[in-house]
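Colleague: Sending over a structure as structure tokens; questions will come in a sec.
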Amino acid sequence: MPVSFNSIPQNWRMPLYWVEVDPSMAGYPRSRLTSLLIGTMSADGTALPDVPIPVPSQADARKLFGYGSMLDGMVEIFMKNNYAQELWVAPIAEAAAGVAATGTITVTTASTSAGTLPVYVAGRRVQVFVAAAEAVDAVATKIADAINADLSMPVEAVAAAGVVTLTCKWKGVEGNDIDVRMAYGGLLAAEQVPVGLVITLAGNKLTGGTGSPDISQAITNLGDEIYEYVASGFTDSTSLALLEAEYGFGDNGRWGWMRQLYGHVFAAKMGAADVDDQTGYSDLLEYGPSNNSGVLSIMGVEGNSPTPTWCWAAAYTAKAARALLNDPARPLQTLPMEGCLPAPKHQRFTMKQCNDLSGVGIATQGINADGIPAIKRESTTYQKNLYGQGDDAYELVPTLATLAALFRRQRHAITSKYPRHKLADDGTRFGAGQAIVTPKVIKAELIAQYRADEFIGLVENAVAFKQNLIVERAPDDPNRVNVLYPPDLINQLRIFAVLAQFRLQYNRGIDQAIAL
């Protein structure tokens, strides 16, 4: 009997009609590619720390991780940019030995006329009505009350003697990225402090936050579940090293041969701005070379952006995930990151600075015509090969995203069509319908799959692929097939360069003479 059945026994004698169903030739590759946010929860959150949990709504996030927690902000921004994707969160308890960042708002002089004071904390705006000649203590109390009324504010405010003290709701260095300002010109040009009202800030960022939480147990608890797009609220070297090890190419990494889970990690880094460098460009230019990973993309953000880095990371991840799920090979440039406030116009990166940052493994963003920040170049931190030489193999996020799609499609084709087949040499004569495969059959399958991948725009140059593809039985293991798989990944249109070789009127006669 040449046909290979999986279920119907050869010795079955009962009449008459028996059918087993085989879906191996009908299925289409599907993957449940979820996103994951890693950030700090507050003490009043109900979630179990370090254990990933699905989050279907903002209300659930606030209950699970606490109002005003880092994760409260990350979930809010993620859902503004990608509401449809399945979202999981790995909540991290605050650093036990850490210190919460603090800052002050000091009301020093009463206003001479009534007006509305716009107060921004971490990019969140509250408005405070200030009466003419209202006492500074009363204004400070109003500011504190308005901040505390927004439960998703990442700070708690206390007013005393005209001074509002702000304290981050969790301990850690991340609180030092919380921006504080009065009136944000980048949003509404008409915003201004009421006439005569004088307010002094202890810098435009909270300070004094120390400590970083340990995310190692959370990473262990990820197990072998697929979390394809990860937003990290942490950019300290220890956390990034743990994430790189988990998602890297080592034997135990998600891109390693044994686990084959794949995935990408996104984060954001704010440059330290000062009087001489209001963008933080120099700080990021020095930071960039300290990382070198194809699975990690860190978005560079100006130091005077009101939005904290963990929200930038969530927005970047959400938009990248949404686009790469639809087509992993398309560039991410121009995708807007909703909910993120850019730095004021005079404190933004120039085009040259963005180009420089791209050269040291920093992903860049710029402002669209509508004033919303957008991805400019989705660089990974990969810059050098194992010998320390400059290399661009994994320079851009779509490279690995495309490879992951190819591998998953190929694995589906092989495992669905040949799950329990026998292996024979090319030229072996066997009956049609037998569950036998040869190297030539596998090679034909891979070529057919490549043609399908080419059709949907993941690869190109199928002729060269066929010429360079090698499929052979292992010389020392008769049950093993070895494959040299050489895909030519599709590229992206990123640069359109034009040499404008124009003509003036007097050149016409010279051109005509040359033609004659």
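Computed from the coordinates by the stated procedures, all read-outs in this text should not be read as laboratory data. All of these numbers come straight from a predicted model, not from anything done at the bench. Glycine also receives a Cβ, built like all others from the backbone with ideal geometry; neighbour counts cover every protein chain displayed.
Colleague: Need the list of aspartates and glutamates near LYS63 for cross-linking: C-alpha distance under 19 angstrom, and skip anything on the same chain fewer than eight residues off.
Modeller: In chain and number order, the partners are ASP44, ASP50, ASP72, GLU76, GLU86, GLU94, ASP150, GLU156.
Colleague: May I pose another question? Where nothing but the Cβ of Lys and Arg (+1) and of Asp and Glu (-1) is charged, how large is the charge dipole of the stretch 420-516 around its Cα centre, in debye to the nearest 20?
Modeller: 180 debye
Colleague: Only four residue types carry charge here, +1 at the Cβ of Lys and Arg and -1 at the Cβ of Asp and Glu. Report the dipole size of the chain about the Cα centre in Debye, rounded to the nearest 20.
Modeller: The dipole of the chain has a size of about 1620 debye.
Colleague: Once the stretch 427-479 is represented by equal point scatterers at the alpha-carbon sites, with solvent omitted, what log10 I(q)/I(0) does the Debye formula produce at q = 0.25 Å⁻¹?
Modeller: Per q value, in the given order, log10 I(q)/I(0) is -0.98.
Colleague: In whole angstrom, and with the biggest value first, how far do the Cα coordinates of the stretch 420-516 range along each principal axis?
Modeller: Principal extents (largest minus smallest coordinate, Cα): 79, 31, 28 Å.
Colleague: Here's a follow-up. For LYS352, go through the lysines and keep the ones whose alpha-carbon is under 25 Å away, minus same-chain ones fewer than eight residues off.
Modeller: LYS269, LYS319, LYS376, LYS384
Colleague: Considering only DSSP beta bridges with both partners in the chain, what is the antiparallel share in %, to the nearest 5?
Modeller: In the chain, DSSP labels about 65 percent of beta bridges as antiparallel.
Colleague: For each of VAL155, VAL136, count neighbouring Cβ atoms within 10 Å of the residue's Cβ, then give the residues from fewest to most.
Modeller: The most exposed by this proxy come first: VAL136, VAL155.
Colleague: Here's something else I'd like to know. For the stretch 420-516, with the dipole built from +1 on Lys and Arg beta-carbon atoms and -1 on Asp and Glu ones, taken about the Cα centre, which of VAL437, ALA448, PRO487 lies farthest toward the positive end?
Modeller: Positive-end residue among those listed: ALA448.
Colleague: Oh, and also: From the P(r) of the stretch 58-102, can you give the percent of Cα pairs sitting at distances over 11 Å?
Modeller: Of all Cα-Cα distances in the stretch 58-102, 70 percent exceed 11 Å.
Colleague: What ranking do 12-19, 476-483 get when scored by the average of other Cβ atoms within 10 Å per residue, highest first?
Modeller: 476-483, 12-19
Colleague: Provide, in order from the shortest bin, the percent of all Cα-Cα pairs of the chain in each 10 Å bin, continuing until the bin that contains the maximum pair distance.
Modeller: Using 10 Å bins, I get a P(r) of 4, 16, 23, 20, 14, 10, 7, 4, 2, 0, 0 for the chain.
Colleague: Fewest to most neighbouring Cβ within 10 Å: what's the order for SER24, SER35, SER293?
Modeller: SER24, SER293, SER35
Colleague: Kirkwood-based Rg over Rh for the stretch 100-201 (C-alpha set), two decimals?
Modeller: Ratio of gyration radius to Kirkwood radius: 0.96.
Colleague: Give me the base-10 log of I(q)/I(0) for the stretch 1-69 at each q in 0.17, 0.24 Å⁻¹, Debye formula, one uniform scatterer per Cα, rounded to two decimals.
Modeller: Rounded to two decimals, the profile gives -0.74, -1.09.
Colleague: Along Cα→Cβ, 7 Å out, is where each label goes; now give me the distance between the ones at SER57 and ASN326 in nm to one decimal.
Modeller: If labels sit at SER57 and ASN326, their model points lie 2.7 nm apart.
Colleague: Rank these for me by crowding, TRP312, TRP257, TRP88, going from fewest to most other beta carbons within 10 Å.
Modeller: TRP257, TRP88, TRP312
Colleague: Counting only helical runs of four or more DSSP H residues, what would the 222 nm mean residue ellipticity of the chain come to if each run contributes -39,500 (n - 2.57) and the total is spread over all its residues?
Modeller: Result for the chain: -8000 deg cm²/dmol, rounded to the nearest 500.
Colleague: With a cap of 16 neighbouring Cβ atoms within 10 Å, and only residues DSSP puts in a loop, list the chymotrypsin sites (Phe, Trp or Tyr not before Pro) found in the stretch 184-249.
Modeller: Listed in order of number, the matching sites are PHE249.
Colleague: Okay, moving on. Give the dimensionless ratio obtained when the Cα radius of gyration of the stretch 156-310 is divided by 2.2 N^0.38 Å.
Modeller: 1.30
Colleague: Right, something else. Enter the Cα centre distance for the pair the stretch 87-154 and the stretch 1-58, rounded to the nearest angstrom.
Modeller: Each part's Cα centre sits 48 Å from the other's.
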